[in-house]
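Only one structure is covered here, and it is reproduced in the block below.
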Amino acid sequence: MSAVNDTKLNSAMFLLTGIPGQEDLHLWISIPFCFIYVFSILGNSTILFIIKTDPSLHEPMYIFLSMLAITDLGLSISTTPTIQGMYLFNSREISLDACFAQLFFIQSFVFIESSILLLMAFDRFVAISNPLRYASILTLPRILKMGLVCVLRGVAVSFPFPFLLKWFQYCRVNVLSHSYCLHQDVMKLACSDITVNYIYGLFLMVSIGGLDSLLIFLSYVMILKTVLSVASHTQCLRALNTCVSHLFAILLFYTPDIGLSLTHRLGNDSSPLLQIVLGYIYLLVPPLMNPDVYSVNSKHLCGRIIRAFVK
């Protein structure tokens, strides 16, 4: 009877994990996380406010940037409660339903961000290869429809995750590898056969992450081909300069994403500390750095932000 009760107790919640061996420093570790969240929310909110209030920024490139900022805000808000709760208040326990809800939102925003980065690559391709028809191709209604498709795509492919995980039995000590819930982390704790989840997760990684990154790569191949056909060296540099921010955003998003997926699939061969560090980089760095990257590289946006704060 005792074993049955322990099984039911373990299956009622998960235990979050911080940085191994640094439990006594959790309060101090929470300070940089607080700064990261504050700067992420302030940076992305500032981008949204400036773009909304300045009519000269109501262009396709900045509308896509505002979509990226909204997605980054959602990603930051999805992880804040458990990360800060654990480091500030040592609140390690999270119920199954709350965990499934969190991983649903995290996965949704991750897939939405991948789609938006693809749209931004398409935006740069149209702007460079066909500048005269740029405004007529990327009209506001068309951009909003593409943004809606991105949202529906991210939500639709993430929707099965909580229900697939809900069917499993969790009859062991449910200690997660991170201070938030990830699908690939939670499914490894199940006592049931996780073949369906494993195949579905792998399918999404290839069909969404792999396809989006491939299309982005092809977009830049075509951009490079177009730029090299321009006779003027100055025009080449000017055209490529508009892509620098987007390239940085792609590297910030896909590099830790691929690394984290590989470490989880390698299992015991990967370092737990490496998984934790990659997990934090994966979810915290893009929302923090994207506003800075785009603000620094866009003189118009940067100047508008400076004038707003000077006033």
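The values are calculated or read from the model by the stated rules, or taken from the named source; none is laboratory data. All of these numbers come straight from a predicted model, not from anything done at the bench. So basically every Cβ, Gly included, is an ideal-geometry build from the backbone, and we count neighbours across all protein chains shown.
From the list Leu118, Leu148, pick out the single residue that is within 30 Å of Leu240 (Cα to Cα) and either buried (at least 19 other Cβ atoms within 10 Å of the Cβ) or in contact with a Lys or Arg (Cβ under 9 Å, 6 or more places away or on another chain) (or both).
Values: Leu148 fails: either buried (at least 19 other Cβ atoms within 10 Å of the Cβ) or in contact with a Lys or Arg (Cβ under 9 Å, 6 or more places away or on another chain) (or both).
The match here is Leu118.
Among the residues of region 30-67, those identified as buried (at least 17 other Cβ atoms within 10 Å of the Cβ), among the aliphatic types (A, V, I, L, M) and over 20 Å from Cys150 (Cβ atoms) are Ile36, Ile41, Ile50, Leu57. The residues of region 193-210 that are within 16 Å of Ser115 (Cβ to Cβ), exposed (fewer than 13 other Cβ atoms within 10 Å of the Cβ) and not small (Gly, Ala, Ser) amount to a single one, Val206.
Looking at this structure, is Val126 among the aliphatic types (A, V, I, L, M) and under 16 Å from the mean Cα position of the chain (by Cα)? Taking the combined requirement at face value, the residue does not satisfy it.
Restricting attention to region 60-101, the residues that are free of Cβ contacts under 8 Å to residues at least 60 places away in the same chain and either under 18 Å from Ile143 (Cβ atoms) or charged (D, E, K, R) (or both) add up to 4.
Against the condition among the β-branched types (Val, Ile, Thr), crowded, with 18+ Cβ neighbours inside 10 Å and farther than 25 Å from Ile276 by Cβ, how does Val186 come out, does it pass? First the steps, then the outcome.
On the way: among the β-branched types (Val, Ile, Thr): yes; crowded, with 18+ Cβ neighbours inside 10 Å: yes; farther than 25 Å from Ile276 by Cβ: no.
For Val186, the condition - among the β-branched types (Val, Ile, Thr), crowded, with 18+ Cβ neighbours inside 10 Å and farther than 25 Å from Ile276 by Cβ - is not met.
The set of residues in region 236-257 that are farther than 15 Å from Ile116 by Cα and touching a residue at least 12 places away in the same chain (Cβ under 8 Å) comprises Ala239, Leu240, Asn241, Thr242, Val244, Pro256, Asp257.
Taking first residues from region 293-308 that are in contact (Cβ under 8 Å) with a residue 24 or more places away in the chain and partners that are of a type in the set (Phe, Trp, Tyr) and surrounded by 13 or more Cβ atoms within 10 Å (Cβ to Cβ), the Cβ contacts under 7 Å between residues at least 6 apart in sequence or on separate chains come to Val293/Phe248; Leu301/Tyr294. Once region 111-153 is narrowed to residues that are without any contact (Cβ under 8 Å) to a residue 24 or more places away in the chain and outside any helix (DSSP H, G or I), the residue that is farthest from Leu68 (Cα to Cα) is Asn130.
Restricted to region 225-267, and to residues that are outside any helix (DSSP H, G or I) and either modelled with pLDDT of 85 or more or touching a helix residue (DSSP H, G or I) at 6+ places or on another chain (Cβ under 7 Å) (or both), which residue is nearest to Pro286 (Cα to Cα)?
Cys243
Looking at Ser56, Ser45, which is the one that is more than 27 Å from Asp185 (Cα to Cα), over 17 Å from the mean Cα position of the chain (by Cα) and of a type in the set (Gly, Ala, Ser)?
On the way: Ser45 fails: over 17 Å from the mean Cα position of the chain (by Cα).
Result: Ser56 is the single residue among Ser56, Ser45 that is more than 27 Å from Asp185 (Cα to Cα), over 17 Å from the mean Cα position of the chain (by Cα) and of a type in the set (Gly, Ala, Ser).
Is region 222-234 home to any residue that is closer than 23 Å to Val277 by Cβ, in contact with a Leu (Cβ under 9 Å, 6 or more places away or on another chain) and free of Cβ contacts under 8 Å to residues at least 60 places away in the same chain? Scanning region 222-234, I find no residue that is closer than 23 Å to Val277 by Cβ, in contact with a Leu (Cβ under 9 Å, 6 or more places away or on another chain) and free of Cβ contacts under 8 Å to residues at least 60 places away in the same chain, so the answer is no. The sole residue among Leu140, Leu144, Leu152 that is over 15 Å from Cys99 (Cβ atoms), modelled with pLDDT of 95 or more and out of contact with any strand residue (DSSP E or B) (no Cβ under 8 Å at 6 or more places or on another chain) is Leu152.
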